[in-house]
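Quick one: this structure, given as structure tokens, is what I'll be asking you about.
The values are calculated or read from the model by the stated rules, or taken from the named source; none is laboratory data. Predicted model, so just to flag it, every value in this text is computed and none were measured. Positions of Cβ are backbone-derived with ideal geometry, glycine not excepted, and every protein chain shown enters the neighbour counts. In case anyone asks, the SASA skips ligands and DNA or RNA and just uses the protein heavy atoms, side chains included. Shrake-Rupley method; radii C 1.70, N 1.55, O 1.52, S 1.80 Å.
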Amino acid sequence: MRWLSTIEKTAALDMATRFRGTLGRVLGDRLEAVLAAFSVSQAWLAFEEDFDVAPTDITPVPTQDDGQARADAHSEHNSTVNLLKAEARAQGYKTVKSTTGADVAWMSIGDGWLTVCEVKSVEGSNDIDQLRLGLGQIIDYLDQLRDYEPGVSGLLWTSREPRDAERWRRICGEHGVTLGWPGQEHLLATLAT
């Protein structure tokens, strides 16, 4: 993550202030808190429309061993990201870009609560590695955003139900992270609290 210089913070605050009317309609009474985030901490949020990722946007350089498998995993990852963004929007959240590196982030329009999400493709043989990696990433994102008010939630989302899902739900919960997968979209509404 790159911290913004004073000049960049001032420019971001100036831009946000100029768009106060539009932001005010989107964020309501949480606008001041969001503007304050620009001036007193890292400007981690870009106030622009988020975009979907094309399944072919991130294509790895194939190797002899795993080129196609890796390309398929990236395509599945991007499709899962897009489906999760669409679900967040359908539930009334505003998807946003986050400089933490999270795959997906959305904000509750009413109170400004932020959810950051890491998406992992699991296929049975890689579940443990992917869940360990994803949980570590989410914990890092939550730490980067620890000073954000009104608050932030972390979600680790897998492309399908992982093996030993209940154990991993417990482990994630012990670290303040929610674990979900397709069919668990109702969890999104429980994160904005």
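Among the numbered conditions (1) open to solvent by 40 Å² or more (accessible area, probe 1.4 Å); (2) of a type in the set (S, T, N, Q); (3) modelled with pLDDT under 95, tell me where residue 137 comes up short.
Looking at each condition in turn, residue 137 falls short on (3).
Residues checked against (1) in contact with a strand residue (DSSP E or B) (Cβ under 8 Å, 6 or more places away or on another chain); (2) surrounded by 13 or more Cβ atoms within 10 Å (Cβ to Cβ); (3) at pLDDT 95 or above; (4) part of a loop (DSSP other than H, G, I, E, B):
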{"position": "62", "(1), (2), (3), (4)": "no, no, no, yes"}
{"position": "65", "(1), (2), (3), (4)": "no, no, no, yes"}
{"position": "73", "(1), (2), (3), (4)": "no, yes, no, no"}
{"position": "78", "(1), (2), (3), (4)": "no, yes, no, no"}
{"position": "100", "(1), (2), (3), (4)": "yes, yes, no, yes"}
{"position": "111", "(1), (2), (3), (4)": "no, yes, no, yes"}
{"position": "119", "(1), (2), (3), (4)": "yes, yes, yes, no"}
{"position": "123", "(1), (2), (3), (4)": "no, yes, no, yes"}
{"position": "131", "(1), (2), (3), (4)": "yes, yes, yes, no"}
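Something else about it: Return the residues of region 86-98 that are open to solvent by less than 60 Å² (accessible area, probe 1.4 Å) and either modelled with pLDDT under 90 or within 19 Å of residue 156 (Cβ to Cβ) (or both); say none if nothing qualifies.
Residues satisfying the conditions are 86, 87, 88, 93, 95, 96, 97, 98.
Which one is farthest from residue 100 (Cα to Cα), of the residues in region 145-157 that are crowded, with 19+ Cβ neighbours inside 10 Å and touching a residue at least 40 places away in the same chain (Cβ under 8 Å)?
This residue is 157.
If you scan region 133-162, which residues turn out to be within 22 Å of residue 182 (Cα to Cα), of a type in the set (A, V, I, L, M) and assigned to a helix (DSSP H, G or I)?
133, 135, 138, 139
Now, a different point. Taking residue 83 and the conditions (1) of a type in the set (A, V, I, L, M); (2) open to solvent by 20 Å² or more (accessible area, probe 1.4 Å); (3) in contact with a strand residue (DSSP E or B) (Cβ under 9 Å, 6 or more places away or on another chain), which numbered condition does it fall short on, given that it satisfies the others?
Going through (1) of a type in the set (A, V, I, L, M); (2) open to solvent by 20 Å² or more (accessible area, probe 1.4 Å); (3) in contact with a strand residue (DSSP E or B) (Cβ under 9 Å, 6 or more places away or on another chain) one by one, residue 83 breaks only (3).
Restricting to region 166-190, name every residue that is in contact with a helix residue (DSSP H, G or I) (Cβ under 9 Å, 6 or more places away or on another chain) and surrounded by 13 or more Cβ atoms within 10 Å (Cβ to Cβ).
Those that are in contact with a helix residue (DSSP H, G or I) (Cβ under 9 Å, 6 or more places away or on another chain) and surrounded by 13 or more Cβ atoms within 10 Å (Cβ to Cβ): 168, 171, 172, 175, 177, 178, 179, 180, 181, 182, 185, 188.
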